[in-house]
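The values are calculated or read from the model by the stated rules, or taken from the named source; none is laboratory data. Values in this document were obtained by computation on a predicted structure and should not be read as measured data. Every residue, glycine as well, gets a Cβ built from its backbone with ideal geometry; the counts of neighbours run over all protein chains shown.
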Amino acid sequence: MSVRVGSPVAGRAVALSAVPDPVFSQAMVGPGVAVEPLRSKADVVSPLDGTVVTLHPHAFVVANGEGAAVLVHLGIDTVKRKGEGFELHVVKGEQVQAGQKIVTWDPAEVEAAGFAPICPVIALDASAEALADLAQDVDVAANDALFDWSR
């Protein structure tokens, strides 16, 4: 079975190695793709159909019924903002559809506060070999395919 993982934000898909944090750039959390977001206030959408299993203003995990769980992290070290600048639209445990609005944020404001707004999109508990058709060095709209995950 293959799961299509969509982009949570509009911007430019780049390799995880471009993320200025070794936990993500060295794929310690898992394989995936990062998106350098457009610098305007925007809605962040779910990358797949599933349940919101973890929810913080700056990061969330959506897991589908087959156990595919995807982490979306909005910026680097943005946990230090303690939720400032992030508006949640769902609650933990909520069922969501791919493309459904999860949070609203402003990457330009995050950047102005001194944080990198890049967004890692990580396949949790996956091997790099399980991911195919990774979008890299291309512009993406929210919900465009970032990669396919074979489970």
Tell me which of these Met1 doesn't satisfy, since it passes every other one: (1) over 24 Å from Lys92 (Cβ atoms); (2) among the hydrophobic types (A, V, I, L, M, F, W, C); (3) at pLDDT 95 or above. (3)
Do we have any residue at all in the range 129-148 that's of a type outside the set (Lys, Arg), touching a helix residue (DSSP H, G or I) at 6+ places or on another chain (Cβ under 7 Å) and under 21 Å from Val14 (Cα atoms)? no
How many residues, within the range 135-151, are modelled with pLDDT under 95 and in contact with a Gly (Cβ under 6 Å, 6 or more places away or on another chain)? 0
Do we have any residue at all in the range 29-42 that's on the phi > 0 side of the Ramachandran plot, touching a strand residue (DSSP E or B) at 6+ places or on another chain (Cβ under 7 Å) and at pLDDT 95 or above? yes
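Residue-by-condition table, conditions (1) over 24 Å from Gly114 (Cβ atoms); (2) hydroxyl-bearing (Ser, Thr, Tyr):
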position	(1), (2)
Ser25	no, yes
Pro31	yes, no
Val45	yes, no
Phe60	no, no
Asn64	yes, no
Val79	no, no
Gly85	no, no
Glu94	yes, no
Gln97	yes, no
Please tell me if Val103 is in contact with a Ser or Thr (Cβ under 7 Å, 6 or more places away or on another chain) and modelled with pLDDT of 95 or more. no
Tell me yes or no: at least one residue of the range 142-149 is surrounded by fewer than 14 Cβ atoms within 10 Å (Cβ to Cβ) and not β-branched (Val, Ile, Thr). no
Would you mind listing the strands (runs of 3 or more DSSP E) fully within the range 68-134 where at least 3 residues are surrounded by 14 or more Cβ atoms within 10 Å (Cβ to Cβ) and either of a type in the set (Asp, Glu) or in contact with a Gly (Cβ under 9 Å, 6 or more places away or on another chain) (or both)? 69-73, 119-124
Tally, over the range 1-39, of residues that are under 12 Å from the mean Cα position of the chain (by Cα) and of a type in the set (Asp, Glu): 1
Matching strands (runs of 3 or more DSSP E) fully within the range 1-59 where at least 1 residues are touching a residue at least 24 places away in the same chain (Cβ under 8 Å) and farther than 18 Å from Val96 by Cβ: 2-6, 11-15, 32-37
